[in-house]
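Report on the following structure.
The values are calculated or read from the model by the stated rules, or taken from the named source; none is laboratory data. Values in this document were obtained by computation on a predicted structure and should not be read as measured data. Heads up, the Cβs are rebuilt from the backbone with ideal geometry, glycines too, and the neighbour counts pull from every protein chain shown. When the accessible area is computed, the model is the full protein with side chains, heavy atoms only, and any ligands, DNA or RNA have been set aside. Shrake-Rupley method; radii C 1.70, N 1.55, O 1.52, S 1.80 Å.
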Amino acid sequence: MSTTLDFEDMLRKIKDRQWALADIDWGAPGADLIEPDLHTRLRPFMADLVWIENVGARGFAAMATKAPNDTLREIYRYFHAEEQRHANAELALMHRWGMLDGDEIPQPNVNVKLVIDFLDKYSDDMSLSFLGTVIPMLEVALDGALIKFVMDEIDDPVCQETFKKINADESRHLAVDFAVMDLLGHARMRKLLIDLVGGWANPSFLIGVLSYVPLLNKMRDNIVEMGVDEQKLYRALERYANVGERSPFVRRLPMYQIVKTHGSWVIDRNHPYHLLADTLVKITARVPRRLLRHDPTWSKELTYEPAA
Ligand SMILES: [Fe+2]
Ligand SMILES: [Fe+2]
């Protein structure tokens, strides 16, 4: 059985459920529920989260240009805007909690920055089947899972309200992500293999792998530092593997098999893979900031102002 989704119907739902920062009362009581110790640990975590939303936004922007039909293109445009809204809502929360100085935009950790740099430079050249199988993994592992951790750890009612809205958006992102994987899996094997070889033969791809590998381990470390059980992250990663159990078309995607296999190494702490991945985390932590590019131009669109 393949998972069929009515994209027209989904688009209607998406339009229906749009929300704005102005819908939330950012000054409502409860901000002081965050203890000083949690405050310190939460700040870098939130800063990363803001930028991970932008990874999603950038990914959807690239997908929109490759969408096979108008409905899907419009869906991706909405998702692009929603990820930006998530980033801005998270900035508004940081602002509420007194984590930012005036209009300061917080900086992400170096691994998030590397992935953003990579997507910014190369995502428009990647095929839909490529982006369509990698982006869903980033969504389950980062966008979706990290939000749940914050919800579990923080009692501030405004935070709960915000992440409830974000979560509802994310569940639609995943539904579409997975349905598109199924759709991609209907292509001829010949086409799938050409896309796969084309993707891997591209020299920029190596940079992508070198950015992606330490990112997942770095975020795992961050979660552990937040005091959250890493098993929660692993359960989120398993959602990606489960899509293939449900759909034979998804299983046909060579890139899906690669991303899934990689996911199983990430989950297995004893796998030798971690020697490489943890080393890359250490190496990338030493990359001098000046070698990294400045913030991408679209980061100017970040704002905690409710009007946005
Ligand atoms: Fe998001
Ligand atoms: Fe998302």
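So how many residues does region 201-229 have that are without any contact (Cβ under 8 Å) to a residue 24 or more places away in the chain and of a type in the set (D, E, K, R)? Qualifying residue count, region 201-229: 1. When the residues of region 143-182 are narrowed to those that are more than 11 Å from ligand 2 (Cβ to nearest atom) and without any contact (Cβ under 8 Å) to a residue 60 or more places away in the chain, which ends up farthest from the chain's Cα centre (by Cα)? Filtering first and then ranking leaves Gln160. Looking at Gly198, Gly244, just one residue is open to solvent by less than 20 Å² (accessible area, probe 1.4 Å), more than 16 Å from ligand 2 (Cβ to nearest atom) and over 15 Å from the mean Cα position of the chain (by Cα), and that residue is Gly244.
Report those helices (runs of 4 or more DSSP H) wholly inside region 28-131 carrying at least 3 residues which are closer than 28 Å to Lys282 by Cβ and open to solvent by 10 Å² or more (accessible area, probe 1.4 Å). Step through it out loud before you land on a result.
Working: elements: 36-66, 70-96, 110-122.
Qualifying helices (runs of 4 or more DSSP H): 36-66, 110-122.
Within region 46-66, the set of residues being more than 14 Å from the chain's Cα centre (by Cα) and away from ligand 2 (no atom under 16 Å from the Cβ) comprises Thr65, Lys66.
Residue-by-condition table, conditions (1) assigned to a helix (DSSP H, G or I); (2) in contact with a helix residue (DSSP H, G or I) (Cβ under 8 Å, 6 or more places away or on another chain):
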position	(1), (2)
Ile135	yes, yes
Asp143	yes, yes
Val150	yes, yes
Asp155	no, yes
Lys165	yes, yes
Ala168	yes, no
Val176	yes, yes
Ala179	yes, yes
Ala187	no, yes
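Kindly establish whether Glu90 is within 15 Å of ligand 1 (Cβ to nearest atom), within 21 Å of Phe45 (Cα to Cα) and touching a residue at least 40 places away in the same chain (Cβ under 8 Å). Spell out how you get there, then give the answer.
Values: within 15 Å of ligand 1 (Cβ to nearest atom): yes; within 21 Å of Phe45 (Cα to Cα): yes; touching a residue at least 40 places away in the same chain (Cβ under 8 Å): yes.
So Glu90 fits the description; yes.
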